[in-house]
1. Can you work out which of the residues in the stretch 65-79 that are modelled with pLDDT of 75 or more and open to solvent by 90 Å² or more (accessible area, probe 1.4 Å) is nearest to GLU15 (Cα to Cα)?
2. Where the second residue is of a type in the set (D, E, K, R) and at pLDDT below 90 and the first is at negative phi and lies in the stretch 57-72, which pairs have Cβ atoms under 8 Å and are six or more apart or on separate chains?
Amino acid sequence: PPNELTPGQMDVVRETWMTELPPTLQHIGLGARTFKKRAGPESKDRSLWTDTPADRERKLRERLEGKESEETEPVPQLSHKELQMAEKVSKYNETKRGESLISLHEKQMKKRKLDEGAKPVERRAFDRDQDLQVNKFDEAQKQRLLKKSQELNTRFGHSKEKMFL
(Lines give C-alpha, C1' and ligand atoms only; values in the text may rest on other atoms or scores of the structure.)
Protein backbone atom coordinates (compact mmCIF):
# COMPACT_ATOMS: atom_id res chain seq x y z
CA PRO A 1 0.00 0.00 0.00
CA PRO A 2 1.58 3.27 -1.15
CA ASN A 3 -0.47 5.54 1.20
CA GLU A 4 0.95 4.03 4.41
CA LEU A 5 3.71 6.04 6.09
CA THR A 6 6.23 4.48 8.37
CA PRO A 7 7.34 6.33 11.51
CA GLY A 8 10.19 8.70 10.77
CA GLN A 9 9.37 9.19 7.09
CA MET A 10 7.56 12.47 7.68
CA ASP A 11 7.86 14.64 10.76
CA VAL A 12 4.73 16.43 11.94
CA VAL A 13 5.20 20.18 11.85
CA ARG A 14 2.60 22.19 13.72
CA GLU A 15 1.60 25.69 12.82
CA THR A 16 2.80 28.52 15.06
CA TRP A 17 -0.61 29.24 16.54
CA MET A 18 -0.50 25.77 18.05
CA THR A 19 2.96 26.11 19.60
CA GLU A 20 3.04 29.72 20.78
CA LEU A 21 0.97 31.61 23.32
CA PRO A 22 -1.25 34.40 22.04
CA PRO A 23 -0.23 37.96 22.90
CA THR A 24 -1.55 39.28 26.18
CA LEU A 25 -4.53 41.56 25.92
CA GLN A 26 -3.84 44.81 27.73
CA HIS A 27 -7.25 46.45 27.61
CA ILE A 28 -10.21 45.18 25.66
CA GLY A 29 -12.71 47.76 26.84
CA LEU A 30 -14.70 45.54 29.17
CA GLY A 31 -15.12 46.31 32.83
CA ALA A 32 -14.20 49.34 34.86
CA ARG A 33 -10.95 51.12 34.21
CA THR A 34 -8.54 51.18 37.13
CA PHE A 35 -4.98 52.08 37.90
CA LYS A 36 -2.29 49.46 37.65
CA LYS A 37 -2.14 47.24 40.71
CA ARG A 38 1.62 46.77 40.45
CA ALA A 39 4.17 49.43 39.65
CA GLY A 40 6.52 48.97 36.72
CA PRO A 41 6.34 46.87 33.58
CA GLU A 42 5.41 43.24 33.87
CA SER A 43 8.01 41.11 32.19
CA LYS A 44 6.80 37.67 33.07
CA ASP A 45 8.51 34.85 31.24
CA ARG A 46 5.61 33.15 29.48
CA SER A 47 7.87 30.77 27.59
CA LEU A 48 7.51 28.28 30.44
CA TRP A 49 4.31 27.10 28.76
CA THR A 50 5.86 26.43 25.36
CA ASP A 51 9.48 25.46 26.09
CA THR A 52 10.72 22.14 24.85
CA PRO A 53 13.20 20.16 26.95
CA ALA A 54 16.00 21.34 24.63
CA ASP A 55 15.00 24.98 25.21
CA ARG A 56 15.00 24.42 28.99
CA GLU A 57 18.50 22.94 28.91
CA ARG A 58 19.77 25.82 26.76
CA LYS A 59 18.27 28.43 29.14
CA LEU A 60 19.71 26.62 32.15
CA ARG A 61 23.19 26.66 30.55
CA GLU A 62 22.83 30.37 29.72
CA ARG A 63 21.84 31.15 33.32
CA LEU A 64 24.81 29.22 34.68
CA GLU A 65 27.17 31.01 32.30
CA GLY A 66 25.59 34.33 33.26
CA LYS A 67 26.14 33.63 36.97
CA GLU A 68 29.78 32.82 36.36
CA SER A 69 30.29 36.07 34.46
CA GLU A 70 28.51 38.05 37.20
CA GLU A 71 30.86 36.61 39.82
CA THR A 72 33.87 37.99 37.99
CA GLU A 73 32.42 41.52 37.85
CA PRO A 74 33.69 43.82 40.59
CA VAL A 75 31.28 44.59 43.44
CA PRO A 76 30.50 48.32 43.70
CA GLN A 77 32.35 49.85 46.65
CA LEU A 78 30.77 52.27 49.10
CA SER A 79 32.19 55.74 49.19
CA HIS A 80 34.19 57.01 52.19
CA LYS A 81 31.34 59.36 53.11
CA GLU A 82 28.78 56.54 53.11
CA LEU A 83 31.01 54.38 55.29
CA GLN A 84 31.43 57.20 57.81
CA MET A 85 27.69 57.82 57.90
CA ALA A 86 26.97 54.12 58.48
CA GLU A 87 29.51 54.05 61.30
CA LYS A 88 27.96 57.13 62.94
CA VAL A 89 24.48 55.63 62.72
CA SER A 90 25.59 52.36 64.28
CA LYS A 91 27.38 54.20 67.13
CA TYR A 92 24.29 56.32 67.76
CA ASN A 93 22.06 53.25 67.82
CA GLU A 94 24.35 51.51 70.31
CA THR A 95 24.49 54.47 72.70
CA LYS A 96 21.06 56.13 72.46
CA ARG A 97 18.68 53.33 71.54
CA GLY A 98 17.72 50.38 73.66
CA GLU A 99 17.78 46.81 72.60
CA SER A 100 15.12 45.83 70.09
CA LEU A 101 11.96 44.22 71.41
CA ILE A 102 12.44 41.09 69.34
CA SER A 103 15.91 40.49 70.73
CA LEU A 104 14.61 41.02 74.28
CA HIS A 105 11.82 38.55 73.63
CA GLU A 106 14.24 35.98 72.19
CA LYS A 107 16.47 36.31 75.26
CA GLN A 108 13.49 35.81 77.58
CA MET A 109 12.37 32.74 75.66
CA LYS A 110 15.89 31.25 75.80
CA LYS A 111 16.05 31.92 79.54
CA ARG A 112 12.65 30.27 80.10
CA LYS A 113 13.66 27.29 78.03
CA LEU A 114 16.85 26.87 80.05
CA ASP A 115 14.93 27.18 83.31
CA GLU A 116 12.34 24.64 82.21
CA GLY A 117 15.06 22.32 80.97
CA ALA A 118 16.81 22.46 84.35
CA LYS A 119 13.69 21.36 86.24
CA PRO A 120 13.11 17.63 86.33
CA VAL A 121 9.75 16.74 84.87
CA GLU A 122 7.56 15.04 87.45
CA ARG A 123 4.61 12.87 86.62
CA ARG A 124 1.36 13.59 88.37
CA ALA A 125 -2.03 11.98 88.48
CA PHE A 126 -4.79 13.11 86.14
CA ASP A 127 -6.90 15.89 87.63
CA ARG A 128 -10.06 16.61 85.64
CA ASP A 129 -10.55 20.18 86.82
CA GLN A 130 -6.93 21.19 86.30
CA ASP A 131 -6.21 19.31 83.07
CA LEU A 132 -9.47 20.04 81.27
CA GLN A 133 -10.01 23.37 83.01
CA VAL A 134 -13.73 22.79 83.38
CA ASN A 135 -16.12 24.37 85.88
CA LYS A 136 -14.80 27.89 85.36
CA PHE A 137 -18.16 29.39 86.41
CA ASP A 138 -18.23 31.29 89.65
CA GLU A 139 -21.49 31.78 91.57
CA ALA A 140 -22.29 35.16 90.00
CA GLN A 141 -21.97 33.78 86.47
CA LYS A 142 -24.03 30.77 87.41
CA GLN A 143 -26.87 32.94 88.79
CA ARG A 144 -26.78 35.22 85.72
CA LEU A 145 -27.05 32.21 83.41
CA LEU A 146 -29.97 30.79 85.36
CA LYS A 147 -31.82 34.13 85.23
CA LYS A 148 -31.38 34.32 81.44
CA SER A 149 -32.59 30.77 80.97
CA GLN A 150 -35.75 31.49 83.02
CA GLU A 151 -36.66 34.25 80.55
CA LEU A 152 -36.59 31.72 77.73
CA ASN A 153 -39.36 29.73 79.41
CA THR A 154 -42.05 32.34 78.69
CA ARG A 155 -44.52 31.89 75.85
CA PHE A 156 -42.94 34.50 73.55
CA GLY A 157 -39.50 34.46 75.10
CA HIS A 158 -36.28 34.82 73.23
CA SER A 159 -32.68 35.50 74.06
CA LYS A 160 -31.88 39.14 74.68
CA GLU A 161 -28.20 38.53 73.90
CA LYS A 162 -28.51 37.46 70.29
CA MET A 163 -31.43 39.05 68.51
CA PHE A 164 -31.15 38.39 64.80
CA LEU A 165 -34.18 40.31 63.55
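1. Step one: filter the stretch 65-79 for residues modelled with pLDDT of 75 or more, giving 65-67, 77-79.
Subset that is open to solvent by 90 Å² or more (accessible area, probe 1.4 Å): 65, 67, 77-78.
Values: GLU65: 33, LYS67: 35, GLN77: 52, LEU78: 54 Å.
It comes out as GLU65.
2. Listed by first residue and then by second, the contacts come to LYS59/ASP51.
The values are calculated or read from the model by the stated rules, or taken from the named source; none is laboratory data. Owing to the predicted nature of the structure, the values given are computational and were not obtained by experimental measurement. Every residue, glycine as well, gets a Cβ built from its backbone with ideal geometry; the counts of neighbours run over all protein chains shown. Please note that ligands, DNA and RNA were not included when accessible areas were found on the heavy atoms of the full protein model with its side chains. Shrake-Rupley method; radii C 1.70, N 1.55, O 1.52, S 1.80 Å.
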